[in-house]
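Nothing in this text is a laboratory measurement; each read-out follows from the coordinates by a stated rule. Bear in mind that the values here come from a model prediction, so they are computed numbers and not experimental data. When we count neighbours, we look across all protein chains shown, and the Cβ atoms used for this are built from the backbone with ideal geometry, even at glycine.
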Amino acid sequence: MMQLAIPLNFIGTLYREISTGLIDMEAMFKLLDEPQEVIDTPGAPDLKVGQGAVAFKDVVFSYDADRPILKGVSFEVPAGKTVAIVGPSGAGKSTISRLLFRFYDVKGGSIEIDGQDIRHINQASLRRAIGMVPQDTVLFNDTIAYNIGYGRNGASREEVEAAAEQAQISAFIASLPQGYDTEVGERGLKLSGGEKQRVAIARTLLKSPPILILDEATSALDTHTEREIQAALDEVSQNRTTLVIAHRLSTVVGADEILVLKDGLVAERGNHAELMKLKGLYFGMWERQKAADAARDQLAKALESE
Ligand code: ATP
């Protein structure tokens, strides 16, 4: 019986969220991917969003009981500010974004938005307040206008175009034979990772959430694409409480605070200049990145001269 009860509950939640138009496409795919871990308490109230300040208070979390991932992580993202999380692969960076989106509940401590513990409010209202630009955006088999307009029910073509402009993808769309009416997705034009990410940014600009989670693509992008995406991200994070899950260092330089996560704890924190002065883990990560960039440039030059 238990085996049946969980999927039914899960489908019920999914149906409710889709039918009320509250669900993000990202969230839907995530929900389909991952077992439902979190259930609303009956009658849980809506999140009351004020300025959108986020606080992690001594958060402890593990997926499996015998392997702790976060061992007591505390930080605040003040309203309108940007906090970036860096650290080695597997340190738990993306886990932090999943916990804020409440795909899982914390095992210890709490996560609060404007002073409200996110376990005590309903998930639909939480996800309305948060925009997620995921590592890999899934596109609908529909036009590019539809894929952007999905960010907000009833968005006009002008609003879709303005969002695309801000997300630095309008020139690319203009170059397509059918412009905004070009079919994309599996059965249409395939977009590159960078283009898909900018569609996700445009969609998020339309949704205009007070809180934003940017989970950067891990894959290396060429410098030009990286610059365009950075400009789009700067646009979308302006005046919004933003948590950046950073897999590349270049995107964190302007953050108000950078957390270096290691072995389930915040090992260093500060802005870029402060962390560089510390000559610790963060400094070491930059040194390694510089060496890797230099080696890549050398290789590119050698290939050119062949
Ligand atoms: P990367 O930079 O490589 O993306 P990360 O710091 O974002 O890494 P997480 O994705 O948060 O790392 O994962 C942290 C740890 O938790 C990893 O060891 C990972 O294997 C483990 N993990 C992630 N998701 C699950 C899951 N659903 N079940 C069990 N373990 C998981």
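Counted over the chain, the DSSP beta bridges are approximately 55% antiparallel.
Can you compute the FRET efficiency between Glu183 and Glu37 using 1/(1 + (r/R0)^6), with r the Cβ-Cβ distance and R0 = 41 Å? Round to the nearest 0.05.
Values: r = 36 Å, r/R0 = 0.87.
About 0.70, to the nearest 0.05.
Couplings 3J(HN,Hα) of the stretch 141-146, computed from phi: 6, 7, 6, 5, 4, 5 Hz, in residue order, whole Hz [Karplus 6.51 cos²θ - 1.76 cosθ + 1.60, θ = phi - 60°; x for Gly and Pro]. A Förster distance of 25 Å, applied to the separation of the beta-carbon atoms of Glu159 and Asn239, puts the FRET efficiency at 0.85. Taking amide H as placed 1.01 Å from N in the peptide plane, the amide H of Ala84 sits under 5 Å from that of Val244, Glu257, Ile258, Leu259, each at least 5 places away or on another chain.
Which of the three applies to the stretch 205-300, rounded, prolate or oblate, going by the alpha-carbon gyration tensor with a ≥ b ≥ c and a/c under 1.5 meaning rounded?
Numbers: a/c = 2.16, a/b = 1.19, b/c = 1.81.
Taking the square roots of the gyration eigenvalues as a ≥ b ≥ c, the stretch 205-300 is oblate.
At an R0 of 30 angstrom, the distance between the Cβ atoms of Ala171 and Val253 translates into a FRET efficiency of 0.70. The value of relative contact order for the chain, using C-alpha pairs under 8 Å at least six residues apart, is 22 percent.
Using a cut-off of under 17 Å, list every residue of the stretch 69-96 whose amide N is near the label point 7 Å from the Cα of Glu112 along the Cα-to-beta-carbon line. Flagged as within label range: 73-80.
When the square roots of the Cα gyration tensor eigenvalues are ordered a ≥ b ≥ c, the ratio a/c for the stretch 77-122 is 1.5 or more and a/b does not exceed b/c, which makes its shape oblate. When only Cα pairs below 8 angstrom with a gap of at least 6 residues are kept, the stretch 156-306 shows a relative contact order of 17 percent.
If you wrap the Cα atoms of the stretch 138-178 in a convex hull and average its projected area over all directions, you get 3.1 nm².
Taking square-rooted eigenvalues a ≥ b ≥ c of the alpha carbon gyration tensor, is the chain rounded, prolate or oblate, where a/c under 1.5 means rounded and, failing that, a/b exceeding b/c means prolate? Judged from the Cα gyration tensor, the chain comes out oblate (a/c at least 1.5, b/c at or above a/b).
Percent relative contact order of the stretch 226-274, based on C-alpha pairs within less than 8 angstrom and at least six residues apart? Spell out each step's value before the answer.
Working: 32 pairs, mean separation 12.1, N = 49.
Dividing the mean separation by the residue count of the stretch 226-274 yields 25 percent.
Close amide-amide hydrogen proximity is noted between Val73 and Asp58, Val59, Val60, each under 5 Å apart and 5 or more residues distant or on a separate chain (H modeled in the peptide plane; Pro and chain starts excluded).
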